[in-house]
Amino acid sequence: MQALILAGGQGTRLRPLTSTIAKPVVPILDRPHMVHMIEWLKGYGVDDVVLSCGHMADGIKQALGDGTSAGARIRYVLEPEPRGTAGAIKEAEPLLDERFLVLNGDILANLDLQPLLDLHESKVSRASIGLIPVEDPSAFGVVVTDSQGSVEAFVEKPAPGEAPTNLINAGVYVLERSILDDVPAGQNVSIERDVFPKLAGLGLHAVELSGNWIDIGTPQRYLDAHWALLEGDIGGGNGLDGGAGGVTLGFDCEIDGDVRGAAWLDDEVTVGEGATVGPRASIGAGSTIGAGATITNSVLLSGVTVGEGAVIDGAVVAHGAVIGEEAKIGPDAVIGERATVSAGEVLGAGSRIDSVTPDE
């Protein structure tokens, strides 16, 4: 089975984390995000992956290579400029099989794709859409189907309480390559707005998928992706030494403080006396947590230094950042790569500290 993953987004909502790391390969625990996606897809026989890249494509290629480490062949297609979802698929057309999966590259999921594959086969569909339920569909476009799964209509952002369904597009499709015959080359075309509505009633089907689905495109959702893995909501906790919700330690960690689950510490992490890490913490390799510091609900990437008595709650801290003694960093904050937060500095909710490039 072949999958085309649309990985051309700039990750603006995750900046400054994505100022130096392409969003498709931001680290989640010990691996680039895209590797988690490929591991999931391999369960459905996917062994051939085409990545449609745009922004920071070289960084994506460097992180993933030819796919050997992920256990699947990876090939790359470069968008010369943003061309929308259908435009990006059209650009990849020479590499595509007659039938293939398409997925947005910013989702972490364990959705059961078999009903989607079965529906597409049984209905002889031209295109099939995976759907997921949401509590409040008013912020989304909902997909209306008949009892046989044929798509009847798309309703964009229905008023609260007036949605005909709570099922939205999960960004997972099975397509026949023939639908690209009507997509013009070299143009910005959306498959959701320009292609699918024209196929309603003409071989377009959709089905609700079970499982968990997270769009990692915001700081909070990026954090949620970590907790979903650590607590077993996605991946079942497999591969975690402490099991789902427990504590996993890498090699040569020095722990003099208290580490509480769900927590994951990579190799050579030091936790000073009286420091508290967790609940809900991911600490990258070679990071140092000073005595008396507190890290909760936060992700620290590799080589981060946290000073004594500092408090980090609900934040993302990129590679090599330095957090001064007694500093306080609030929820939804993102600290860029090699940035410095001064001793005693207080950063409120939603704060952003830009990355520092090596020549600055």
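Restricting to the stretch 189-217, give me the number of residues that are touching a strand residue (DSSP E or B) at 6+ places or on another chain (Cβ under 7 Å) and among the polar types (S, T, N, Q).
Of the residues in that region, 1 qualify.
Do the conditions hold for Leu229, that is, is it in a helix (DSSP H, G or I) and not small (Gly, Ala, Ser)?
Considered against the rule, which asks whether it is in a helix (DSSP H, G or I) and not small (Gly, Ala, Ser), Leu229 comes out as yes.
Could you tell me which of the residues Ala339, Ala291 is of a type outside the set (Lys, Arg) and surrounded by fewer than 19 Cβ atoms within 10 Å (Cβ to Cβ)?
Ala291
Gln148 is checked against (1) within 23 Å of the chain's Cα centre (by Cα); (2) more than 26 Å from Ala88 (Cα to Cα) and fails just one. What number does that condition carry?
(1)
Quick one: count up the residues across the stretch 57-112 that are over 24 Å from Ala185 (Cβ atoms) and either part of a helix (DSSP H, G or I) or free of Cβ contacts under 8 Å to residues at least 60 places away in the same chain (or both). Don't jump to the end; show me each part of the working.
Step one: list which residues in the stretch 57-112 are over 24 Å from Ala185 (Cβ atoms), which gives 58-59, 62-73, 106-112.
Subset that is either part of a helix (DSSP H, G or I) or free of Cβ contacts under 8 Å to residues at least 60 places away in the same chain (or both): 58-59, 62-73.
Summing the residues that are over 24 Å from Ala185 (Cβ atoms) and either part of a helix (DSSP H, G or I) or free of Cβ contacts under 8 Å to residues at least 60 places away in the same chain (or both) in the stretch 57-112 gives 14.
Out of Ala281, Ala318, Ala327, Ala285, report the one residue that is out of contact with any Asp or Glu (no Cβ under 6 Å at 6 or more places or on another chain), closer than 26 Å to Thr218 by Cα and not acidic (Asp, Glu).
Details: Ala318 fails: out of contact with any Asp or Glu (no Cβ under 6 Å at 6 or more places or on another chain); Ala327 fails: out of contact with any Asp or Glu (no Cβ under 6 Å at 6 or more places or on another chain); Ala285 fails: out of contact with any Asp or Glu (no Cβ under 6 Å at 6 or more places or on another chain).
None of the other options fit; the residue is Ala281.
So that you can scan it fast, the table gives a plain yes or no per residue for (1) more than 17 Å from Leu301 (Cα to Cα); (2) buried (at least 20 other Cβ atoms within 10 Å of the Cβ); (3) acidic (Asp, Glu); (4) at pLDDT 95 or above:
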{"position": "Ile234", "(1), (2), (3), (4)": "yes, yes, no, no"}
{"position": "Gly237", "(1), (2), (3), (4)": "yes, no, no, no"}
{"position": "Gly246", "(1), (2), (3), (4)": "yes, no, no, no"}
{"position": "Gly250", "(1), (2), (3), (4)": "no, no, no, no"}
{"position": "Asp256", "(1), (2), (3), (4)": "yes, no, yes, yes"}
{"position": "Ala263", "(1), (2), (3), (4)": "no, yes, no, no"}
{"position": "Val277", "(1), (2), (3), (4)": "no, yes, no, yes"}
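Can you find, within the stretch 117-134, the residue that is surrounded by the fewest Cβ atoms within 10 Å (Cβ to Cβ) among those that are of a type in the set (A, V, I, L, M, F, W, C) and over 19 Å from Val195 (Cα atoms)?
Going through the qualifying residues, I end up with Val134.
Please pick out the residue among Ala159, Ala86, Ala70 that is out of contact with any Cys (no Cβ under 6 Å at 6 or more places or on another chain) and under 30 Å from Glu231 (Cα atoms).
Details: Ala159 fails: under 30 Å from Glu231 (Cα atoms); Ala86 fails: under 30 Å from Glu231 (Cα atoms).
Every option except Ala70 fails the conditions.
Which count do you get for residues in the stretch 123-142 that are assigned to a strand (DSSP E or B) and at pLDDT below 85?
1
Which residue pairs have Cβ atoms under 9 Å apart, sit 6 or more places apart or on different chains, and have a first residue in the stretch 200-220 that is over 14 Å from Leu108 (Cβ atoms) and a second that is assigned to a strand (DSSP E or B) and among the acidic types (Asp, Glu)?
Taking only residues 6 or more apart or on different chains, the pairs are Ala200/Glu152; Gly201/Glu152; Gly203/Glu176.
Select from the stretch 189-216 the residues that are in a loop (DSSP other than H, G, I, E, B) and either not assigned by TED's automatic domain parsing to the domain that holds Val155 or not small (Gly, Ala, Ser) (or both) and write down the one among them that is nearest to Arg352 (Cα to Cα).
Of the stretch 189-216, the ones in a loop (DSSP other than H, G, I, E, B) are 189-190, 200-203, 209-212, 216.
Pick out the ones that are also either not assigned by TED's automatic domain parsing to the domain that holds Val155 or not small (Gly, Ala, Ser) (or both) and you get 189, 202, 209, 212, 216.
Details: Val189: 33, Leu202: 47, Leu209: 36, Asn212: 29, Ile216: 18 Å.
Ranking the candidates gives Ile216 first.
Quick check, is Ala310 within 28 Å of Arg31 (Cβ to Cβ), small (Gly, Ala, Ser) and assigned by TED's automatic domain parsing to the domain that holds Glu268?
yes
Just to be sure I understand, how many residues within the stretch 3-59 are surrounded by 24 or more Cβ atoms within 10 Å (Cβ to Cβ), touching a strand residue (DSSP E or B) at 6+ places or on another chain (Cβ under 7 Å) and at pLDDT below 85?
Result for the stretch 3-59: 1.
Give me the pairs, please: first residue somewhere in the stretch 134-160 and assigned by TED's automatic domain parsing to the domain that holds Phe196, second residue anywhere and among the aromatic types (Phe, Trp, Tyr) and part of a loop (DSSP other than H, G, I, E, B), beta-carbon distance under 9 Å, and either six or more positions apart or on two chains.
That search, which allows pairs on different chains as well, returns Val134/Phe140; Glu156/Phe140; Lys157/Phe140; Pro158/Phe140.
The values are calculated or read from the model by the stated rules, or taken from the named source; none is laboratory data. The structure displayed is predicted, hence computed values, not measured ones. Heads up, the Cβs are rebuilt from the backbone with ideal geometry, glycines too, and the neighbour counts pull from every protein chain shown.
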